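Have a look at the structure below, then the notes.
The values are calculated or read from the model by the stated rules, or taken from the named source; none is laboratory data. Keep in mind the model is a prediction, meaning the values are calculated, not measured. A quick note on method: Cβ atoms are made from the backbone with ideal geometry, for glycine too, and the neighbour counts reach across all protein chains shown. These accessible areas exclude ligands, DNA and RNA; they are computed on the full protein's heavy atoms, side chains included. Shrake-Rupley method; radii C 1.70, N 1.55, O 1.52, S 1.80 Å.
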Amino acid sequence: MIGDGELAEMLEQTRQLREGFGPTAPRPWDAATAGAELAVQLGHLALCVARRQGIDVSDYCDPGRPIGDIGDELADVTLQTLSISVLADAPPTTPQDGGSPGSEIEALLLLLVCAGRAAEAGLVSAGYRHQPTGTPPPVPEACAATLRAADQLAQMLGLDLPTEFRAMHADATAFLCSYQGAQP
């Protein structure tokens, strides 16, 4: 389970990466953009899970862009979830322990549900979508639920999400250093 200290560290690393990646994007990001990128990263994660389940995903693979490290993809999902919070200036609450999914597929489906709610909250926060009827969770709670679901999937896969996030942060930081070094 992600603790307060780990969440604080992950939020700070997210802020660093958001600042670092800012110059690489043609337009500034907001919580809605992070929600769109969350959908991309969920697709990458689903590709990895499908492969683990023995599904032929060869039609969806790009040899020039290998996507196969499930821990890295789960960390990318986490980065975009935290990016919604950071860009909305609405940090997530500490994820609470929830019920345990019974399978990888169930865990992935619950993550998809939670991520959809987080993306929707980001759209509302950024002013791209009206406030839906009912009582959808605001950004802090929606992102906390998504983090909990990501952590549950990580645990099912035998992964430690904060450790995977640190590794992704190190890789992204190295990329940014080389990218910025290549600029005139």
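Things to note:
- Helical mean residue ellipticity (222 nm; -39500 (n - 2.57) per DSSP H run of 4+; nearest 500) of the chain: -22500 deg cm²/dmol
- Each Cα pair under 8 Å and six or more residues apart adds its separation to the average, and for the chain the resulting relative contact order is 32 percent.
- Separation of alpha-carbon centers, segment 90-154 and segment 13-65, rounded to whole Å: 17
- In terms of its alpha-carbon gyration tensor, segment 68-115 comes out oblate; a/c meets the 1.5 threshold, while b/c is at least as large as a/b.
- Segment 80-184 shape via C-alpha gyration tensor axes, a/c threshold 1.5: oblate
- Extension gain (nm, one decimal) between CYS177 and ILE55, 0.36 nm per residue minus Cα-Cα: 40.2 nm
- Rough spin-label spacing in nm, given labels placed 7 Å along Cα→Cβ, for HIS130 and LEU112: 2.8
- For the chain, the carbon plus sulfur part of the accessible surface works out to 54%, probe radius 1.4 Å.
- For segment 1-43, the pair-distance distribution built from all alpha carbon pairs, in bins 10 Å wide starting at 0, is 24, 45, 28, 3 percent.
- Taking the inverse of the mean 1/r over every pair of distinct Cα atoms in segment 1-104 gives a Kirkwood hydrodynamic radius of 15.3 Å.
- Taken as entire DSSP H runs, the helices of the chain that both span 15 Å or more between Cα atoms along their own long axis and average 1.0 or more on the Kyte-Doolittle scale are 104-125.
- Rounded if a/c under 1.5, otherwise prolate or oblate - the chain, Cα gyration tensor axes: rounded
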